[in-house]
Amino acid sequence: MVWLAWMLFGMQVLCSCTAAPAARGAGGALLCPRCDDAAVEAAADLALRQINADREEGYVLSLYRIVSAREQPQEITGSVFYLILDVVDTECHVLSKKLWKNCNTRPAHSTVYGQCKAIIYINQARNIAHLNTYECTLQPVPGRYIWSVCPDCPVDDSPTKPEYLKAAARSLAKFNGESEQTHYFSVLNVTRASMQWVIGPAYFVEFLIQETSCSKDDRVTDTSMCEPLPPEVAKIGFCKGSVVNSGAEQFVTISCEIYSQQDPATEEENQEANQTPGKSMQDQQASPSDANSFSLHLEKTVGWVKILPPSNEDITFHSLRDSQNEHKDRKPVPPKAVGSAHRCDGEKTQVNKPDLTKPVTGPVILPFPEEPSLSDSCPGEAKQAEGILHPLITRKPSTV
């Protein structure tokens, strides 16, 4: 009897896995496409672009690999993708509005890594790619990993320490004296800092600057006394500076990018960030009225990015998800993931020609599924070969 019961149970499981795909729509099953599928890679690219575009603080995140992808075909047309992405930060600040593929990743000793969960709706027929929610948890690479490969490398420190604020002010003074800007700039805030002993203490800083009301036609000795210009007209900049002390000598370097309120190159990248895969910009602009009417039913993107403090513990990409439950960036937390009763079909449903004559409604968004993709191609291959990150990655997560 025990053997018979186990046989019947096995047949039931087998039938549930090989059953015909469920009907499309709100009640349809969540599919498990391959992590190296072109549509999944395009969805991950678009999701990460829109995550970066939605943020106002921090650095542009770059894709390390696709961990899991679940797809929910919609009744009218398009699909909702539920993605788990391993990410690393880059040298670009989010205010630059640069695409992540155009940014350099950081050296191993200053890498910040983490994981993002994103829900994105992609509708090629209506030229729409809309990020619904996202949540990301990041952390600096633990110090012991850095010291094992580069004992002398500088390790990120608290950017609010007085020595770093002084280094930012000193390097900015060099920029104000040499740039062709019409107004002086002042330090807005230091975003990253580290120290290393070279021929003396060397301070390395990254910081934001803002345009002030003080004209360079006037002699100004203390730019901190200058009032910032109104936000709608003021230029914002991102700088990297260093101050190296050697006895009585001091060596200062500075390089800055200045961002205008209306930068043509940035606007072009913003359009590209919302471009659906498989279509040119000309094709996507063929029916703007149709896309606009559908867009009225899309909810505003909600998400956050949380950065954990440095730690020497063995924290993997996937253990970071335990911290993805707090409020960050002054934005509401996305809906909490709940247990998913949706099965994962082994093959995709047949995608019929979309019926654009049906009443326009928004996509059906489910809570983020707890179960990751069952595809043997997930997690996908790493997009970049960086040895120091591999010990921080577990091969496959057990839960989401």
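By accessible area of protein heavy atoms, probe 1.4 Å, what ranking do Met195, Met225 get, highest first?
The ordering from most to least exposed comes out as Met225, Met195.
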Taking Cα pairs closer than 8 Å and at least 6 residues apart, the relative contact order of the range 102-220 in percent is 20
Using a 1.4 Å probe on heavy atoms of the protein chains only, the accessible area for Thr137 in Å², nearest 10, reads 0
Once all protein chains are kept in place, His130 shows an accessible area at probe 1.4 Å, nearest 10 Å², of 30
Protection proxy (average C-beta count within 10 Å per residue), highest first, orders 67-76, 236-245 as 67-76, 236-245
When every protein chain stays in place and a 1.4 Å probe is rolled, Val198, Val60 sorted by accessible area with the largest first are Val198, Val60
Rounded to the nearest 10 Å², the accessible area of Tyr121 using a 1.4 Å probe with every protein chain kept is 10
Rounded to the nearest Å, the spacing of the alpha-carbon centers of the range 147-222 and the range 68-120 is 29
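The values are calculated or read from the model by the stated rules, or taken from the named source; none is laboratory data. Every value quoted in this text rests on a predicted model; they were computed, and no experiment measured them. All Cβ positions, even for glycine, are placed from backbone atoms using ideal geometry, and neighbour counts span all protein chains on display. Note: accessible area is taken over every heavy atom of the protein model, side chains too, but ligands, DNA and RNA are not part of it. Shrake-Rupley method; radii C 1.70, N 1.55, O 1.52, S 1.80 Å.
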